[in-house]
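Here's the structure we're looking at; comments come further down.
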Amino acid sequence: MMLEDHHETLWRECFCLSCQRVHRVLMPEAKGKTCFSSRGWVFTLGRAWELCMLKNPMSRHNYIIKLPKLKFPDDEVLPRYDNFSAKFVLSASPTTSLDYMVMVIYGWGGLLGLWKPGDEEWTAVNFPSPAHNIWDLIFYKGCFVAVDCEGSILRCVNGPTPFEAQVIFRMLQRLMHWEHPDLVQPTAGHRLLMTEAYLVQSPTGSLLLVSQWEEREPAQTFRFQVFEIDLNTPTYTEVKSLENTSLFLGSNSSFYLEANEEHHIKLNCIYFADDSWPRLSEEGGGRDMGIYHIEDCTTELYFM
């Protein structure tokens, strides 16, 4: 796992779960840039909105693919590059497929952009009315699938326009708001908000929707809920246990790992990173990251 770049040097630090050590890696291409990852590739975002994909950053034999700069709507205030809430997702690795695509979440409104090899610019994905604020994105069963701030799941498909997003599932609204009866406010008088929603493919191939709840005073994660989504029915089932696996969540790639001695991770837990970009840039980051224990709904906060 790549750690935060504090000093903008040619080196980046990566934490290895297996050996529990931090390793320094020479990565001049990532100096002073925000980094994301997908399918073993690292995406770098620079101050001038320049984008690149790096293959195998742990090796000096990097293969670099330059991507077009992102364009923002004319009426949108341009965010700072280091205060930019984004996610990059590959449909396949460029090393194994020439027919790959890249989709990105960008801008304050959670827009979606699509790029394919040979394109000179990003193609905006059209949304049904009203517009959707996209929170997470994965490539699932041959399609890009997204979730918005209201718990609607959208599939991006070829349509009359180059790409359009269609709503294929809507979560019950009572489960997406802090008043619902399954959540108890941690402190009297403090408001509880759903701050993030994630999509993850389980080891069995099912689609999971994970909601993150935060107490606002102070801003601190209070609870996660995990739902298995059946897009065919469409129905949902709450997941009460991850058994011998654990989830890793963040604005980067989200994934499962089997809990064993080699990985040094705790079973039936959710490892989460701080996804609040204003806190990352202004206060040094890492103010709300840790391990959530599903069995007893407790949280261990790290790097406080």
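Brief remarks follow.
- Residue-span extension gain [T204 to V25] - 0.36 nm each, minus C-alpha spacing: 61.0 nm
- Cross-link table K141/K266; K141/K240; K69/K141; K31/K71; K87/K266; K33/K55, entries beyond 18 Å C-alpha to C-alpha: K141/K266; K141/K240; K69/K141; K31/K71; K87/K266
- Heavy-atom accessible area ranking, 1.4 Å probe, most first, across E228, E164: E228, E164
The values are calculated or read from the model by the stated rules, or taken from the named source; none is laboratory data. All of these numbers come straight from a predicted model, not from anything done at the bench. What goes into the accessible areas is simple: the full protein's heavy atoms, side chains included, and nothing from ligands, DNA or RNA. Shrake-Rupley method; radii C 1.70, N 1.55, O 1.52, S 1.80 Å.
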